[in-house]
Structure formats: C-alpha cells, structure tokens
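Heads up: the structure comes next, in structure tokens.
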Amino acid sequence: MFDDAVRVGEWQQQLAAALCSTSGLDDRGRLDAIRALEELVCTATAAQAALSAELDTSTRAHHAALGEPAARQGRGVAAQVAWARRESPFRGQRHLTLARVVATELPCTWQAWRTGRITEWTATLIARETSCLSLADRRRVDFEVARNAEQLEQMSPRQVEAACAGWAARLDPASVAERRRRAEKDRHVGLRPAPDTMTRLSALLPVKDGVAVYAVLSRVADAARAAGDPRSRGQVMADALVAAVTAYGQQTGTDSSSSGVGINLVMSDSTLFGGSEEPAWVEGYGPVPADLAREIITDACSRDEAVWVRRLYTSPTTGELVTMDTRARRFRNSLARFIRVRDRVCRTPWCHARIRHTDHAHDHIQGGSTSAGNGQGYCQACNHAKQAPGWTAVTLTGPETDGHEIETTMPTGHRYRSRPPPLARIHHRTDLPPITIDYYLAG
C-alpha cells in the first residue's frame, strides 16, 4: 500500500507547504478543494485502519510464537495504535476493534469508507449497531444499508444508526433484546470536567428510566416558571436534580456530611494566602481558579469542617513534586497518594484518564524498587498494555534530566517520554514550598 512512511511524510509536507500561500482558486474551486480534502481524510483513516489490522495480526502471531495464552495475545496493540494516532488508549482500542471487523465482515461499508464516501465515525456506527448479529446477518445489514454508497454518503449519523438498528431488529430480534438487557446492566453515572470550572454529570439509563427522570424535571421546571421563578428552565431542572439527590442522601445517612468525603486540593501557599493567582488542582477534576480554591478553604473553615494541611516540596526549576521512598512491596498509603497527586492523570501521552494503578516503571520482579522515583500513575488499560511482551520502561537519571522523567519503549522500538506536570509556574521566589491541602468534610 505504501512504499514506506517517508513517502507518506513527503505528501504531508507538500500539502503543508501549499498552505504557506493563498490557493489562487475562486470560491467554487475552494469548495471543491475542501470536499476533495474531506474525501482524502476519510480515505486516510481507512488506510490507518488497514495498517492497524496488519499490526494486530503480526503482533498476535508473534505472541503466539512466544507461547503467550490466547487471551493475552495482541495485548498492547491498541496502545501502540493510540500513540501513533496521538489519541487516548481508549480511542485506540475503538480504532483497532473497527479495523479488525470492517474490512472482513462489512465489505460494502469498507468500500464506501476507503473510497472517501463516509467518515470513520459512520463506519463505526454500522459496526456497532450490527455487533450483536451473526456474520451472515451482519453482512445482510451491511448490504442493505451500505450497498448504495451515494445514498449512504447523504445519510446523517442518526439515520445510519436508525437504519442499522431497524434491520437488526427484523433479522434477529432475540439478539437485539439480549443486547438491550446487557446494556441495561451497564447503567452508570459519570462525572467529568466542563469549561468554566463546571462539571458534567451524566447517567446512562434504560430508556424508560431516562425519559421518566427527564419528564419529572421538566414538570418541576414548568411549574416553577409558571409561578414566576426567575431562573431559566435549565437552571431549575439542574437545581431540582441536585436537591433531590442530596435530600435522598440526608434521609439515608449517605450524604457527604455524614460520610467523611475528602477533596484533595493541591495549591501553593502563595495562592492560599492571596499572593499568587496560580490555579490549584482538585484530584479527580483538574485545575481550578485560585479564587475558587480559596473559597473552598474559607467555606470549610467557616463551617467547622476538618482541613488537613500537608507540605509537599517541589523542584525549584521544574515545579514537579519531589520524590519520596518506601520499603514496602506494594505502593501503599502515603506513597501511592503522593504519586497520584504528583502525576494527576495517567502518564501515557494523550490518555488523561484517572489514575487507577500505581505502577513500577522498572518491574519489581526484575529488581525495580518500590519508590516514588520508580513509580508512575497509570489507568488500568495502560498498565495492562505495558505488561505485554516487548514493552520496557526506565526512569531517566543524570545531569541532563531535571525532574521525574520515564522513557517507555514499545515492541516496535518507538519511544516516548513522560513526566508529571508542574504543580505551578516557576516564579523568581522559590523559598515558598507548595502545600497539599487535604480537605475533608467532618463526620
């Protein structure tokens, strides 16, 4: 398919060079060029999928030759694909799963994708909505929905999703029902950061429950607005949800005031006392403005809640938290907590998932020490990928290395380095060490 990666790089450089000057096209030509580039992007993602599938096949064969159990063969491929595409390992796994399926099981979809008629997301929807079907039924849906590439190109993602779901329900209603039951078992609530120091609370619910909850909140909002409430409809719905959940917690004794919930708030002492506006960091959320951090502490003190202060020293040049050692085999208590506070999120580039594992960079079984210097924070998926054959990691030391830097080598020989984010920007004054404020609601 390609002579080598150098040739692809040359194409990219030629295109980048063309952007250094105006195109010289008229408006019709500009629009045609935009469409041509969109088709090129679609074909490029199909090429990435084909190469990912080849990498997966090659790696699985290598693992089988090494005697790896079938369940462990192919481990780490998704992480490599994610690194190459500069995305999180979660998205890398999704790309790899699609690559394994589409070319062999969805020929019409593959034809439309590789010729630039549909996007990678459209191909993903077709693969996802037919995943519960047998191979024969899956190919039937693929034929019915994607055989006319021109028609498929005009369909919105929601239309593609509905068409595939409809055919799947007609061909194998039992499998669709079983898929629905499995999905209902996966109901959950999630929390992630949103812009402007907000959070986005989401819930994956069965359709009847989700519709019922929204209908109740809508009625509450309609009644409040009819009574002259100045809040917007959305504000009333959000406030009603919070009030209902917190009231339930108070009734059952599971609200934050009775359970001793802790918020790990990391900030410099100059920020705490108003001498700096450097953002603070809330574990599990991310950066928050200095004024909000001070407001959290002030509010806690005014309500007689417990505020614990722990000093953590940083490097005067990099701003990273300094190391600490332990003789324990496992990362426990203060050491594991220190690594989570230092690394904040998974150390894998572009991952940014929450830290679930505190891992040895140089494996303990190979003599690696259980220390902050040899430790790094990983999400579960990245930690498992690192256990695949051919992956190595080492903590870099020496005069050229300032701070905590780990170099990871993949089975292909590609390497990447990671280091924890600085706690704060480095100012001229370095005699004020940052502190960690462990903020607990008193029980």
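The values are calculated or read from the model by the stated rules, or taken from the named source; none is laboratory data. All of these numbers come straight from a predicted model, not from anything done at the bench. Note: ideal-geometry Cβ built from the backbone for every residue, glycine included; neighbour counts use all protein chains shown.
Out of S156, S175, S131, which single residue is in contact with a Cys (Cβ under 9 Å, 6 or more places away or on another chain), surrounded by fewer than 21 Cβ atoms within 10 Å (Cβ to Cβ) and more than 30 Å from M410 (Cα to Cα)? Reasoning before the result, please.
Details: S156 fails: in contact with a Cys (Cβ under 9 Å, 6 or more places away or on another chain); S131 fails: in contact with a Cys (Cβ under 9 Å, 6 or more places away or on another chain).
Result: S175 is the single residue among S156, S175, S131 that is in contact with a Cys (Cβ under 9 Å, 6 or more places away or on another chain), surrounded by fewer than 21 Cβ atoms within 10 Å (Cβ to Cβ) and more than 30 Å from M410 (Cα to Cα).
Working only within segment 165-184, note down all residues that are out of contact with any helix residue (DSSP H, G or I) (no Cβ under 7 Å at 6 or more places or on another chain) and within 22 Å of S134 (Cβ to Cβ).
Listed by number, the residues that qualify are G166, R170, P173, A174, S175, A177, E178, R179, R180, R181, R182, A183.
Going by the structure shown, is A78 assigned by TED's automatic domain parsing to the domain that holds F143, out of contact with any helix residue (DSSP H, G or I) (no Cβ under 9 Å at 6 or more places or on another chain) and of a type in the set (G, A, S)? Walk me through how you get there before you give the answer.
On the way: assigned by TED's automatic domain parsing to the domain that holds F143: yes; out of contact with any helix residue (DSSP H, G or I) (no Cβ under 9 Å at 6 or more places or on another chain): no; of a type in the set (G, A, S): yes.
Judged against the criteria, A78 is not a match.
Condition check: over 30 Å from S131 (Cα atoms), in the same structural domain as T109 (by TED's automatic domain parsing), surrounded by 10 or more Cβ atoms within 10 Å (Cβ to Cβ) and among the charged types (D, E, K, R). Does R60 satisfy that? Steps first, please.
Values: over 30 Å from S131 (Cα atoms): no; in the same structural domain as T109 (by TED's automatic domain parsing): yes; surrounded by 10 or more Cβ atoms within 10 Å (Cβ to Cβ): yes; among the charged types (D, E, K, R): yes.
So R60 does not fit the description; no.
Of the residues G403, G443, G377, which single one is modelled with pLDDT of 80 or more and either within 25 Å of R91 (Cα to Cα) or surrounded by fewer than 18 Cβ atoms within 10 Å (Cβ to Cβ) (or both)?
Residue meeting the stated conditions: G377.
Counting just the residues of segment 207-245 that are of a type in the set (K, R) and in a helix (DSSP H, G or I), which one comes out surrounded by the fewest Cβ atoms within 10 Å (Cβ to Cβ)?
That would be K208.
For the condition outside the structural domain of R94 (by TED's automatic domain parsing), among the polar types (S, T, N, Q) and at pLDDT 90 or above, what is the one hit in T397, T392, T358?
Values: T397 fails: at pLDDT 90 or above; T358 fails: at pLDDT 90 or above.
None of the other options fit; the residue is T392.
Quick check on segment 57-66. Is at least one of its residues under 23 Å from T115 (Cβ atoms) and in contact (Cβ under 8 Å) with a residue 60 or more places away in the chain? Walk me through it before giving the result.
Initial filter on segment 57-66 (under 23 Å from T115 (Cβ atoms)): none.
No, every residue in segment 57-66 fails to be under 23 Å from T115 (Cβ atoms) and in contact (Cβ under 8 Å) with a residue 60 or more places away in the chain.
Looking for something modelled with pLDDT of 95 or more, hydrophobic (A, V, I, L, M, F, W, C) and surrounded by 16 or more Cβ atoms within 10 Å (Cβ to Cβ) - is there at least one such residue anywhere in segment 65-75?
No, every residue in segment 65-75 fails to be modelled with pLDDT of 95 or more, hydrophobic (A, V, I, L, M, F, W, C) and surrounded by 16 or more Cβ atoms within 10 Å (Cβ to Cβ).
Give me the residue from segment 406-440 that is of a type in the set (K, R) and surrounded by fewer than 15 Cβ atoms within 10 Å (Cβ to Cβ) and, out of that set, modelled with the lowest pLDDT.
The extreme case among them is R429.
Just give me the residues in segment 341-368 being part of a loop (DSSP other than H, G, I, E, B), closer than 20 Å to E405 by Cβ and in contact (Cβ under 8 Å) with a residue 24 or more places away in the chain, in sequence order.
R344, V345, C346, R347, T348, P349, W350, C351, H352, I355, A361, H362
Are any of the residues in segment 17-39 in contact (Cβ under 8 Å) with a residue 40 or more places away in the chain and not in a loop (DSSP other than H, G, I, E, B)?
Yes, segment 17-39 contains at least one residue that is in contact (Cβ under 8 Å) with a residue 40 or more places away in the chain and not in a loop (DSSP other than H, G, I, E, B).
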